[in-house]
Amino acid sequence: MKNFLPTDYKKNEKLKINHSYLVEQFFDYSKIFKELEKVVKKGDYTLGKAVDECEKNFAKRTGAKYAISVGNGTDALLLTLKALDIGAGDEVITVPYTFIATVGSIVTAGAKPVFVDIKEDYNIDENQIINAITKKTKAIMPVHWAGRPCEMEKIYSIAKKYKLHVVQDSAHVIGARYKKKHLVNFGDACTYSMHPLKNLNVWGDGGFIVTNKKKLANKLYLIRNHGLKDRNTCKVFGYNSRLDTIQATVANYKMKKN
Ligand SMILES: Cc1ncc(COP(=O)(O)O)c(C=O)c1O
């Protein structure tokens, strides 16, 4: 247990709560190194075996049919908007109280972010969403802040009524459930970050999109890898946003442990 305590614990009279405990968290890194050795010995660096395993593990953890790994949580948002054909002339409803990447992904996709304020729990005020809907609205992007899911029943029912997509920025809620159900059941997709400060973190950047929709999943598998169906067939123009095999190895180790 000693190893899990902050390194400066003994020096402080009162226990200080640090922003992160990354050094303590990965104190047993030699076990991960052993797994990484296998990757190096096989030269299995891009979309390798560990990435396949990671996608299976992540789908299980989030109760989703499909888990598409990507380079980071920001790309997870952007690629989902792109795969849903959201862009110039479209509006996406979200919150101003979030990390810049939420709003950045909407702007980068070419769409306009429309803000709805948060409530005391720091999540979107679901009762204000209808007032923000216009003819140009294509999606709602709720942000589940700091581990607490938004009121997804209400949000999803509004989305269905107005025929809007729901892309849940789930960067802070890996594994969370809403009314005992996995969040993936309340919209088109959930997006995740595995940045070192997130609760399922890797040794750099990593991200995920989960969905129960086969068509969306297939589009995402393509566009996260240049639109390539195989080495020689390009179906659509896409991006280079693959989860690194090295980061997938770290994520697999963590998912096995916790
Ligand atoms: C709410 C939220 N959305 C999206 C992101 C973007 O994730 P990433 O840093 O992996 O691109 C973050 C990261 O901090 C975040 O907190």
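Brief remarks follow.
- Cα-based shape type of the chain, given that a ≥ b ≥ c are square roots of the gyration tensor eigenvalues and the cut on a/c is 1.5: oblate
- Unsatisfied cross-links (Cα-Cα over 28 Å) in the set Lys119/Lys180; Lys34/Lys60; Lys119/Lys257; Lys31/Lys179; Lys41/Lys215: Lys119/Lys257; Lys31/Lys179; Lys41/Lys215
- Its Cα centre serving as origin, the chain has a Cβ charge dipole (Lys and Arg +1, Asp and Glu -1) of approximately 900 debye.
- Bridge type composition, the stretch 22-257 - antiparallel percent by DSSP, nearest 5: 55 percent
- Relative contact order of the stretch 111-258, defined on C-alpha pairs under 8 angstrom at six or more residues apart (%): 14 percent
- Built amide H within the under 5 Å cut-off of Gly206, gap 5+: Gly73, Met194, His195
- Cα lying deepest toward the dipole's positive end in the chain, options Ile86, Ser193, Phe58, charges on Cβ: Phe58
A short reminder: the numbers here are calculations on the coordinates, not readings from a lab. Computed from a predicted structure; not experimentally measured. For neighbour counting, all protein chains shown are included, and Cβ atoms are generated from backbone atoms with ideal geometry for every residue, glycine included.
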